[in-house]
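Undergrad: This is the structure, below, for whatever I ask next.
Read-outs throughout are calculated quantities, based only on the coordinates presented, and are distinct from any laboratory measurement. In this text, all values refer to a predicted model and were calculated from it rather than measured experimentally. Cβ placement follows ideal geometry from the backbone for every residue including glycine, while neighbour counts extend to all protein chains displayed.
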Amino acid sequence: MREAEIKLALSHHLATVRPTDSFHFLEEVELNGGEIRADLVQVMDMHCYEIKSASDSLTRLVGQGSRYARAFDQVTLVTAECHLKKAMPMLPSWWGIMVVPDKAGQAFKQVRKAKLNKRHEPGVLVTLLKREEALQILEEQGVTRGFKSKSLYVIQAKLTELLPLEELKIKVRQRLINRACPSLSIAL
């Protein structure tokens, strides 16, 4: 299967595994100004799924993983069987691993369940936000004067200065949930 087919099958699989949970997904979520993109993010749990199809290379996996570790609560590699043996030693023990089925309609194989990440960095976490989202958070903090004309990077830096990590995690997750499902528009 190609990446687009894997994303679709994975979204369906995850929604059927936990049917009572509310799942909202975002694809190609940018980190570090678009330097890297998370293939699929289940936003309620801040769970990043990095997809490596049979035709993909594992060359960028370590670099991607180090950035994901600073922003997401959980990360799972979703890979073709042919990459499994090589990928396993590259991944931290807290990453989950799933194997892509050979054919559409078959089940994903859970090799290892993702554990909770404890290495968040505020400066990377805020790079998940778009400019408008970051400005909204500043506005909630009563700090907008002089920032509406500033670059996204300056706004993001101010957020990391203003908010403790746990509060920042909540605010970022809220914005990603609202982005994934605008009609939901929840306030956490």
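Undergrad: Convert each backbone phi in region 50-57 into a coupling constant with the Karplus relation 6.51 cos²θ - 1.76 cosθ + 1.60 (shift: θ = phi - 60°), then list the ³J(HN,Hα) values in order as whole Hz, x for Gly and Pro.
TA: 3J(HN,Hα) across region 50-57, in whole Hz: 9, 9, 10, 6, 4, 8, 7, 9.
Undergrad: Kirkwood Rh over alpha-carbon pairs of region 3-112, then Stokes-Einstein at 10 °C and 1.306 mPa s: what D in µm² s⁻¹, rounded to an integer?
TA: Answer, rounded: 113 µm²/s.
Undergrad: Sorting F72, F147, F25 on the 10 Å Cβ count, fewest up front, what's the list?
TA: Lowest count first: F147, F25, F72.
Undergrad: Could you work out Rg/(2.2 N^0.38 Å) for region 122-180, with Rg from alpha carbons only?
TA: Cα-based Rg divided by the globular estimate yields 0.98.
Undergrad: May I pose another question? What would the Debye formula give as log10 I(q)/I(0) at q = 0.14, 0.17, 0.19 Å⁻¹ for the alpha-carbon point model of the chain, no solvent?
TA: -0.78, -1.08, -1.29
Undergrad: Give the percent of DSSP beta bridges with both residues in the chain that are antiparallel, rounded to the nearest 5.
TA: Antiparallel: roughly 55 percent of the beta bridges in the chain.
Undergrad: For region 64-78, what does the Karplus curve 6.51 cos²θ - 1.76 cosθ + 1.60, with θ = phi - 60°, yield as ³J(HN,Hα) per residue in whole Hz, taken in order and with x for Gly and Pro?
TA: 4, x, 5, 6, 4, 5, 8, 10, 10, 6, 9, 9, 10, 7, 10
Undergrad: Just to confirm the number: angle between the C-alpha axis of helix 3-17 and the first principal axis of the chain, 0 to 90 degrees, nearest 10?
TA: On a 0 to 90 degree scale, this one is about 90.
Undergrad: What's the center-to-center distance, using Cα atoms, between region 121-188 and region 45-85 in Å?
TA: The two parts, judged by their Cα centres, are 25 Å apart.
Undergrad: Continuing with this model, one more query. Each residue of region 166-176 in order: what ³J(HN,Hα) in whole Hz does its phi give by Karplus 6.51 cos²θ - 1.76 cosθ + 1.60, θ = phi - 60°, with x for Gly and Pro?
TA: For region 166-176, the Karplus curve yields 4, 5, 5, 4, 5, 5, 5, 4, 4, 5, 5 Hz.
Undergrad: Would you work out the relative contact order for the chain, in percent, from Cα pairs under 8 angstrom that are 6 or more residues apart?
TA: After rounding, I find 18 percent.
Undergrad: Here's something else I'd like to know. Sequence-distant or interchain residues sharing an amide H contact under 5 Å with L77, placed H: which?
TA: Those qualifying (amide H under 5 Å, at least 5 residues apart or on another chain) are E50, G96, I97, M98.
Undergrad: Out of residues 5 or more away from A54 or on other chains, whose amide H comes under 5 Å of its own, with H placed 1.01 Å from N in the peptide plane?
TA: When sequence neighbours closer than 5 places are left aside, the close amide H contacts are A80.
Undergrad: Angle check, please: helix 131-140 long axis (alpha carbons) against the longest principal axis of the chain (alpha carbons), in degrees 0 to 90, nearest 10.
TA: So the helix axis and the longest Cα principal axis differ by about 50 degrees.
Undergrad: What distance in nm lies between label points placed 7 Å from Cα along the C-beta direction at W94 and R119?
TA: Rounded to a tenth, the inter-label distance reads 0.8 nm.
Undergrad: Moving on. Calculate for the chain the 222 nm mean residue ellipticity that helices alone would give, adding -39,500 (n - 2.57) per DSSP H run of length 4 or more and normalising by residue count, nearest 500 deg cm²/dmol.
TA: -11000 deg cm²/dmol, from helical runs alone.
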